[in-house]
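Throughout, read-outs are computed from the coordinates displayed, never taken from laboratory work. Note that the coordinates shown come from a computational prediction; the quantities given were computed from them, not determined experimentally. Backbone-built Cβ (ideal geometry, glycine too); neighbour counts: all protein chains shown.
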Amino acid sequence: MSDAVLDLSGVCRAFEDAGDRLEVLRGCDLAIGAGEMVALVGPSGSGKSTLLHIIGLLERADSGRVRIGGTDATEAGDAERTRLRREHLGFVYQFHHLLPEFTAEENVALPPMIAGRDRAEARARARELLALVGLAARASHRPAQLSGGEQQRVAIARALANQPLLLLADEPTGNLDPATADHVFQVFLDVVQGTGRAALIATHNPALARRMDRVVTLEAGRIVPV
């Protein structure tokens, strides 16, 4: 895929465990284009989180290549990998990881402020994103004053704050009840499709996976289409 936002080629990763070598990823290939939502499925322990960490430039592969937005990050130094994460990647996890002492608006404004944007500009961007996920009226509330679904929607807004090319989500609705999970996922779907972002979402929920553009499975350390 020539215009791929994400392009993985031959990614391998192994770990040492009590003297044994555990091969988790055995040559993963994957390309995702702009505006495409891809579900990543597989049993627990299959390496989904490891793969997301490598794509998110939080962990290095043992071999293979990782390209983000056309930039080869494989041999990049720590400073360049940090820049690529900040400018091109957004993360949503199963647990929202919001800062409890800050309001929803402040939590969403932090990434652009860290990236060097003016405080007023960052807060205006945060209000715009909170409105996008249906939380304009909750901007001044702290996480403890929000429901689980609202907290996760704040986390989605925060992931979008620096206008990333690619969103990475690891079981983003796994900590929510089914009705709330469905609502939060619909918000996620609407936001990604409405903004043209690419997204790779690890999930155990087959119903959610079927609502995405494509489903791939991590099986025996390799990515295979469903």
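How much of the DSSP bridge set in the chain is antiparallel, in percent, rounded to the nearest 5?
On the way: 22 of 40 bridges.
The answer is about 55 percent antiparallel.
Please work out how much length the chain gains when fully extended from Ala18 to Asp190, using 0.36 nm per residue of separation minus the C-alpha to C-alpha distance, in nm with one decimal. Please report the intermediate quantities before stating the final value.
Numbers: separation 172, 0.36 × 172 = 61.92 nm, distance 4.54 nm.
Length difference between fully extended and current span is 57.4 nm.
Can you give me the distance in nm between label points at Phe95 and Gln163, each placed 7 Å from the Cα along the Cα-to-Cβ direction?
Between Phe95 and Gln163, the label points sit 3.3 nm apart.
Amide H to amide H, which residues 5 or more places from Asp62 or on other chains are under 5 Å from it, using H placed in the peptide plane?
Cys12, Arg13, Ala14
Zone of Arg214 (label point 7 Å along Cα→Cβ, backbone N under 17 Å): which residues in region 34-53?
Zone members listed by number: 34-42, 52.
Which whole-Hz couplings ³J(HN,Hα) result when phi for each residue of region 59-76 is put into the Karplus expression 6.51 cos²θ - 1.76 cosθ + 1.60, θ = phi - 60°, listed in order with x for Gly and Pro?
Once rounded to whole Hz, the list reads 8, 9, 6, 6, 7, x, 10, 10, 10, 10, x, x, 9, 7, 9, 4, 9, 5.
What nm value, rounded to one decimal, do you get for the distance between Glu128 and Ala34 when each label is placed 7 Å out toward the C-beta?
So the label points at Glu128 and Ala34 sit 1.7 nm apart.
Could you identify which residue out of Pro43, Pro164, Pro172 has the top mean-square fluctuation in a GNM of the chain using Cα springs shorter than 10 Å?
Evaluated over the chain, the most mobile residue of the options is Pro43.
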